[in-house]
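The values are calculated or read from the model by the stated rules, or taken from the named source; none is laboratory data. Just so you know, these numbers come straight off a predicted model, no measurement behind them. Every residue, glycine as well, gets a Cβ built from its backbone with ideal geometry; the counts of neighbours run over all protein chains shown. Accessible surface is based on the protein model in full, side chains and every heavy atom, while ligands, DNA and RNA are left aside. Shrake-Rupley method; radii C 1.70, N 1.55, O 1.52, S 1.80 Å.
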Amino acid sequence: MKKLFLVLPFTLLAAAAMAQIDSTLLRRKPKDAAANALNMNAVYNRPFLSVAKLPVALGGYVEANWQHLGTNGVTEGHQFQMRRMSLFVASTVYKRIKFLSEIEFEDGAKEISLEYAALDMEVHPLFNIRGGIVLNPIGAFNQNHDGPKWEFVDRPISATQLLPDTWSNVGFGVYGKKYQDSWVFAYEAYVTNGFDDRIIDNREGKTFLPAAKQNPARFEESFNGVPLITAKAAIRNKRIAEVGLSYMGGIYNKFQDEGVVLDARRRVDVMALDMNTTLPKLNTAITGEWAWISVDVPATYTQQYANKQRGGFIDFVQPVYKRSLMGFEKSVVNAACRVEYVDWNVGKFEVTGGNIADHLLAVVPALSWRPTSQTVVRLNYRYSWKTDVLGNPPIKTAGFQLGFSSYF
Amino acid sequence: MNRLFIIVITVFITVISCRKTEPSLPADSQMLDGPVEGLTASQAQQFLRGDAAFNDQVFTKETGLGPLFVSASCGSCHAGDGKGHPFTTLTRFGQSDSLGNTFLASGAPQLQNRALPGFDPEHIPAGAPFSKFTPPANTGMGFIDAVTDEDIIAMSDPDDADGDGISGVPNWITLKSYVVPRVGSINKNGHHIGRFGKKSGAYDLVQQTAAAYNQDMGITSTYEPFDTYSGQAIDPEISNQTLLDVVFYLKTLKAPIQRNANSADVVNGKALFLQAGCGKCHVSELKTGASPVAALNYKTFYPYTDLLLHDMGAGLDDGYTEGNAKTSEWRTPALWGLGLSKNSQGGVYYLLHDGRANTIEEAILLHGGEALGSRNKYNALTAKEKQQLITFLESL
């Protein structure tokens, strides 16, 4: 029923906007291709379709793929997957007031979520107010995660299995930007609802921040009444790079209920560093992100649940062919490679002093073809080594993935 | 351009058609997990259900974990169905003789040394005898389960009638109310032969599994309905079907397969193993009796155990026991799969009942009591012979 309430307004809105429209009235509003666009702009920096003078713009993206992966000689065969479809609706309410929402259907319709729905009010370029369901700006991928922007079928493991991307919560915050010559300085800060004790009590058997996404109540009430604080500062020079430093932290456990003290206040703190650049002359795009997580796990709990984690990824994307291909005049073929690493449990066993493993390393060489900048067809070969908590010989998984992702 | 397209497509089809781009399956002999040969389709399905429950199901507060526990899943203690790591070592306490456990009111017999946030884990009461148990490998247990009581008794020699200094005895235990004795099970004054656990304190895999859910993870079942924290009978937190699927999974895990059995060092090592008398307790060959699972029915297998208790001397006497075993008595552990132990113990050996030995040689040298003679014979071997004997053990 709840899903129905989410889907219905979007369907009606889309139907109302699109029905019986003369296609010549449709205007494609391209995404901002400015060299100094920041990751924090990504939520609005998408191609939207607007209809005549309607103040509403629509957009979305879709991604689907085939894959054949094998794990230590065992495969589930050919898999065809509809990873996700997202619909955006944006509108300018008034001169400096705008609204954007995004609803996402993952794995067919197995998971439907209102990923973003926030109202922005510009008081000054350095002081904008945003409220609603917002993307917590931790790292860069959480804000800039649209499939068509990436050359890889899978999202980074560090983004989905370490950080809880896509991680959005109800709350309010402020942000601002300052442009000066080739430089852009930006900041964001939000207070939102946050994590719950699933992060150390989940079916993954490890400290797992994404487990908090399983709590559907987080959009209506805070688990413990203490706001999660997320803040990010970023700086970009359009000839050099963008670098962002972000922090997210708060209390994750229910330390009291009905006035009765249940436990100590236990914190989760996350720091992330992200960067992206394009090498001059070579045009090699490099994007990376690294996160450190610290969780106050009770000493009487099991060390299977870590109090320290870390991980990240780095992508290299090299355009190798830029001209017409199969009738698409502005085709670009890229060779790319992602290297990613996640250590879900940084520490040593109290009983032996030996290293706790529980980590994963993956290398993903890729080829992508972009018939337009908004559509990508991508072929990935993925090879990963996953080591269990004891450090036993790694489980190897490898195989090919072929898919596409496109804005529409 | 068309040529480029054709080349790309051809390369793509060639590449994805090649399974060699995916990691290969390790040799069967290199893995402990996998089913016995000859399961029917329905048995294979039950095996897979049990596999998923054993290796994939992680308990949480919502699904019944704790509040006191040792581990949150079966698989975390038995990685790859192999021996465990000191990280998940169990501690049992409270019993020092055959009169029973005198610390039951303090949480005995098993220490739940971990607790959900907000709860305090257990501690060993002052004065309580205790022992630490490294989780065992799970493989081949269906074969051990199907050995007849007669065969076990035939291997025993309680009065050392043959005068070899070795006097293995069964652990005669009192059955839990839910345990159904096997057909042909021998009853001695209301007691039956235990065959699972370091002290042979468990009769069968149902008891072993139900107790592990309850004592290791704090999961109640209709078999073990008492919450380990409150002591109260509470609703089952796992279904009978799931528990029995896990029992079936454990029962039908294949026996470890020996590697390099024909190499000269292994052959010589085995001969030295037998000459040193190790094979008197670590009996190489056993056979099953009748089993409802055809794959286990009247089979010969090679576990290197006699399933009997032996006095291992003061060095291995922790002062704690179970059933009618003496504190210095331990059930002969099966040696099959020994060489693969490191693959489940994080690359290091943790051998003997509590993982105190980090090499096979260290484990041999810690043998005492009835095994003293064999230890002395091992010590008398040349360095090359010792290595051959160890090579043989690592091939198992």
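Some notes on this structure:
- Equivalent-ellipsoid semi-axes for the stretch A:112-262 (Cα gyration tensor, √(5λ), whole Å, largest first): 29, 20, 13.
- GNM result for chain A, Cα springs below 10 Å: residue of A:326, A:271, A:40 fluctuating most strongly: A:326
- Put simply, the Cα atoms of chain B extend 87, 58, 40 Å along their principal axes, the longest span coming first.
- Under the convention that each Lys and Arg Cβ holds +1 and each Asp and Glu Cβ holds -1, the size of the dipole of chain A around its Cα centre is about 1420 debye.
- Backbone geometry of the stretch B:126-134 corresponds, through the Karplus equation with coefficients 6.51, -1.76 and 1.60 at θ = phi - 60°, to 3J(HN,Hα) couplings of 4, x, 7, x, 8, 8, 9, 10, 6 Hz, x marking Gly and Pro.
- FRET efficiency for residue A:322 and residue A:267, using Cβ-Cβ distance with R0 set to 35 Å, rounded to 0.05: 0.10
- Ordered from highest to lowest accessible area with the whole protein assembly present and a 1.4 Å probe, B:354, B:33 read as B:33, B:354.
- Radius 11 Å from Cβ of residue B:389, net charge of other residues (Lys, Arg +1; Asp, Glu -1): 0
- Computed from the C-beta positions of residue B:274 and residue B:52, the FRET efficiency with R₀ = 51 Å rounds to 0.80.
- Diffusion constant of the stretch A:313-394 at 25 °C, which comes from Stokes-Einstein with the Kirkwood Cα-pair radius and 0.890 mPa s, µm²/s: 162
- 3J(HN,Hα) from dihedral phi, the stretch B:219-226, Karplus parametrisation 6.51/-1.76/1.60, rounded to Hz, x for glycine, proline: 9, 8, 9, 5, 7, 10, x, 8
- Exposed-site-free run, longest, chain B (rule: GluC sites (Glu not before Pro); DSSP loop; at most 12 other C-beta within 10 Å): B:63-284
- In terms of overall dimensions, the C-alpha atoms belonging to the protein assembly as shown reach 102, 71, 46 Å along their principal axes, ordered largest to smallest.
- Most positive-pole-ward Cα, B:39, B:304, B:210, against dipole of chain B from beta carbon charges: B:39
- Relative frequency of Cα-Cα separations exceeding 30 Å in the stretch A:2-407, percent: 44
- Were the residues from residue B:153 through residue B:381 laid out at 0.36 nm apart, the gain over their Cα-Cα distance would be 78.8 nm.
- Relative contact order (%) - criterion: Cα under 8 Å, at least six apart; region: chain A: 13
- By accessible area, using a 1.4 Å probe on protein heavy atoms only, chain B has 55% of its surface on carbon and sulfur.
- R0 of 30 Å, Cβ-Cβ distance residue B:98-residue B:180: FRET efficiency to nearest 0.05: 0.80
- Summed buried accessible surface, chains B and A, 1.4 Å probe, nearest 100 Å²: 3200
- Computed over protein heavy atoms with a 1.4 angstrom probe, the accessible surface ordering of A:167, A:66, largest first, is A:66, A:167.
- Helix-only mean residue ellipticity at 222 nm for chain B, each DSSP H run of n ≥ 4 adding -39500 (n - 2.57), per residue, nearest 500: -7500 deg cm²/dmol
- Helical segments meeting 20 Å axial Cα length and Kyte-Doolittle 1.6 threshold in chain B (DSSP H): B:2-17
- Relative contact order (%) - chain B, alpha-carbon pairs under 8 angstrom, separation at least six: 22
- Partners of residue A:308 within straight-line reach, counting lysines whose Cα lies under 28 Å from its Cα and excluding those fewer than 8 residues away in the same chain: A:206, A:213, A:232, A:254, A:348, A:386, A:396, B:61, B:83, B:342.
- Loop-resident sites, the stretch A:294-372, for GluC sites (Glu not before Pro), counting at most 15 other Cβ within 10 Å (DSSP): A:329, A:350
- Counting only DSSP H runs of at least 4 residues, each contributing -39500 (n - 2.57), and dividing by the residue count of chain A, the helix-based mean residue ellipticity at 222 nm comes to -1500 deg cm²/dmol.
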